[in-house]
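Peer 1: Have a look at this one.
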Amino acid sequence: MPDVPLISIVILNYNGARWLNRCLESIRTQTIFGQLELIIADNQSSDGSDRLAEQLLEGWTQGRFVQNGSNLGFCEGNNRGARGARGRYLFFLNNDTWLEPDCLEKLLAAVSASNAAAATPIMLNYDDDSIQSLGGAGFDVFGLLSRETRSDRTREIFTVGGCCYLIEARLFWELGAFDAALFMYADEYDLTWRVWMSGHRAVLAPASRLHHRGAANVNPKGGSREVEFRTSEAKRYYSNRNGLLVILKNAQHILLLMVCTQLVWLLAEAVVVGAMTGRWHVVRRAYWDAVKDCWKRRDHIRRERIRLRSVRRVGDWKLLRFLRLRLNRWDEFRRLLQLGRLKVD
């Protein structure tokens with residue numbers, strides 16, 4: 001194996017005992033396995049998956065295990081794992097995934113051919129070849145991510161998939177890595193906005209294929225297949241808060257208007273969720289507290305806006321080309337029809 005790997009794969013693990021073995025086995029079978037480094041960072045799992053990860057890495061000369069010591073969330077947990085990574089590229093990979101054998105080879109080929117700095121494979125459902133996600137095509141009028149539509153060619157997307165995020169290591173650190181203040185959710189939105197802001201490109205590589213369970217901890221019923229329309233109070237809180245934070249941090253001027261439209265949407269959604277579930281304390285935590293805590297982080301927003309002035313090469317007017325008519329919540333509505341009434345934990 002080479003002394004300097006081409007890709008450092010960073011897997012953040014938290015209670016992922018069910019998924020780790022297949023995920024790591026799919027990495028071992030990659031056509032460019034000899035050019036890979038693997039780092040598993042554990043957020044102090046309680047299901048024994050930390051010990052399992054160490055066992056699975058035994059004999060893996062380009063693999064190492066990092067114990068974060070506490071639940072640092074997705075953002076800082078991944079940052080800790082990536083420190084000391086030696087690859088030209090970082091590939092942040094969820095533990096509830098498995099890669100088809102040529103996934104990383106074709107992903108790199110797409111990056112090279114398109115001169116992109118960040119990329120995502122096509123994300124398929126865990127048990128079959130049905131499409132789960134193609135990344136974020138852009139953002140709608142409410143500042144929420146719009147899904148990419150099917151394409152068989154490599155194409156630009158506004159946001160790389162969070163479960164399988166490839167980025168140049170040098171750029172990742174230059175942009176400030178994942179924002180630990182987010183903790184989890186909307187992290188890929190935030191980072192890829194900075195990729196575009198800095199004058200680089202992000203692409204979808206549909207020839208590269210990965211399978212993902214998704215929401216494995218929040219919506220576990222069904223095993224490897226999602227069978228419920230279920231979320232959690234914490235997930236909605238972080239998603240709502242961070243959606244506002246991402247815009248407030250990264251928008252230059254005209255796109256700041258999406259803060260206003262998003263607040264209107266959150267108010268309407270809070271009423272609907274309250275009526276559907278009858279649990280108004282959930283609405284308070286997931287919506288009111290999210291907006292309130294976003295305001296409390298105004299000093300962080302100010303510092304980030306100042307820092308990003310030196311990074312910005314592309315302004316809001318150029319990024320308006322990613323504005324989409326396809327509404328983000330259209331996909332949620334389809335899930336509601338398919339899986340039934342929303343359940344909130």
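Peer 1: State whether the residues of the stretch 7-18 include one that is polar (S, T, N, Q) and at positive phi. Spell out how you get there, then give the answer.
Peer 2: So in the stretch 7-18, the residues polar (S, T, N, Q) come out as 8, 13, 15.
In the following step, the residues that additionally are at positive phi were identified as 15.
Scanning the stretch 7-18 turns up at least one residue that is polar (S, T, N, Q) and at positive phi.
Peer 1: Can you pull out the helices (runs of 4 or more DSSP H) entirely within the stretch 103-222 that have at least 3 residues that are more than 18 Å from the chain's Cα centre (by Cα), assigned by TED's automatic domain parsing to the domain that holds LEU20 and more than 25 Å from LEU323 (Cβ to Cβ)? Spell out the reasoning first.
Peer 2: Details: elements: 103-114, 169-174, 187-197.
It comes to 103-114.
Peer 1: So ALA110 ticks every box in (1) small (Gly, Ala, Ser); (2) surrounded by 19 or more Cβ atoms within 10 Å (Cβ to Cβ); (3) more than 23 Å from PRO206 (Cα to Cα) but one. Which box is left unticked?
Peer 2: With respect to (1) small (Gly, Ala, Ser); (2) surrounded by 19 or more Cβ atoms within 10 Å (Cβ to Cβ); (3) more than 23 Å from PRO206 (Cα to Cα), ALA110 is out only on (3).
Peer 1: For the stretch 240-261, does any single residue satisfy the condition of being touching a residue at least 24 places away in the same chain (Cβ under 8 Å), under 25 Å from ARG18 (Cβ atoms) and in contact with a strand residue (DSSP E or B) (Cβ under 9 Å, 6 or more places away or on another chain)?
Peer 2: For the stretch 240-261, residues touching a residue at least 24 places away in the same chain (Cβ under 8 Å), under 25 Å from ARG18 (Cβ atoms) and in contact with a strand residue (DSSP E or B) (Cβ under 9 Å, 6 or more places away or on another chain): absent.
Peer 1: Ok, one more. Of the residues that make up the stretch 267-275, is at least one closer than 20 Å to ASP190 by Cβ, modelled with pLDDT of 95 or more and of a type outside the set (D, E, K, R)?
Peer 2: Step one: filter the stretch 267-275 for residues closer than 20 Å to ASP190 by Cβ, giving none.
There is no residue in the stretch 267-275 that is closer than 20 Å to ASP190 by Cβ, modelled with pLDDT of 95 or more and of a type outside the set (D, E, K, R).
Peer 1: Taking the condition of being surrounded by fewer than 16 Cβ atoms within 10 Å (Cβ to Cβ), part of a helix (DSSP H, G or I) and free of Cβ contacts under 8 Å to residues at least 40 places away in the same chain, how many residues in the stretch 22-59 meet it?
Peer 2: 6
Peer 1: Output the number of the condition that PHE142 fails; it satisfies all remaining conditions of (1) under 20 Å from ASN250 (Cα atoms); (2) crowded, with 24+ Cβ neighbours inside 10 Å.
Peer 2: Of everything listed in (1) under 20 Å from ASN250 (Cα atoms); (2) crowded, with 24+ Cβ neighbours inside 10 Å, PHE142 misses just condition (2).
Peer 1: Looking at the stretch 87-100, can you tell me whether even one residue there is farther than 29 Å from GLY176 by Cβ and either basic (Lys, Arg) or in the same structural domain as GLU174 (by TED's automatic domain parsing) (or both)?
Peer 2: Step one: of the stretch 87-100, the residues farther than 29 Å from GLY176 by Cβ are 98, 100.
When the remaining residues are screened for being either basic (Lys, Arg) or in the same structural domain as GLU174 (by TED's automatic domain parsing) (or both), the result is 98, 100.
Yes, because at least one residue in the stretch 87-100 is farther than 29 Å from GLY176 by Cβ and either basic (Lys, Arg) or in the same structural domain as GLU174 (by TED's automatic domain parsing) (or both).
Peer 1: If we scan the stretch 332-343, do we find a residue that is farther than 16 Å from TRP193 by Cβ, touching a Gly at 6+ places or on another chain (Cβ under 9 Å) and either touching a residue at least 60 places away in the same chain (Cβ under 8 Å) or not aromatic (Phe, Trp, Tyr) (or both)? Working first, answer last.
Peer 2: Step one: of the stretch 332-343, the residues farther than 16 Å from TRP193 by Cβ are 332-343.
Filter once more, keeping what is touching a Gly at 6+ places or on another chain (Cβ under 9 Å): none.
No, every residue in the stretch 332-343 fails to be farther than 16 Å from TRP193 by Cβ, touching a Gly at 6+ places or on another chain (Cβ under 9 Å) and either touching a residue at least 60 places away in the same chain (Cβ under 8 Å) or not aromatic (Phe, Trp, Tyr) (or both).
Peer 1: Name the one entry in ASP102, ASP128 that is without any contact (Cβ under 8 Å) to a residue 24 or more places away in the chain, out of contact with any strand residue (DSSP E or B) (no Cβ under 7 Å at 6 or more places or on another chain), surrounded by fewer than 20 Cβ atoms within 10 Å (Cβ to Cβ) and under 20 Å from HIS211 (Cβ atoms).
Peer 2: Details: ASP102 fails: without any contact (Cβ under 8 Å) to a residue 24 or more places away in the chain.
Going through ASP102, ASP128 in turn, just one is without any contact (Cβ under 8 Å) to a residue 24 or more places away in the chain, out of contact with any strand residue (DSSP E or B) (no Cβ under 7 Å at 6 or more places or on another chain), surrounded by fewer than 20 Cβ atoms within 10 Å (Cβ to Cβ) and under 20 Å from HIS211 (Cβ atoms): ASP128.
The values are calculated or read from the model by the stated rules, or taken from the named source; none is laboratory data. All of these numbers come straight from a predicted model, not from anything done at the bench. Quick reminder, even Gly has a Cβ in these numbers, built from the backbone with ideal geometry, and neighbours come from all protein chains shown.
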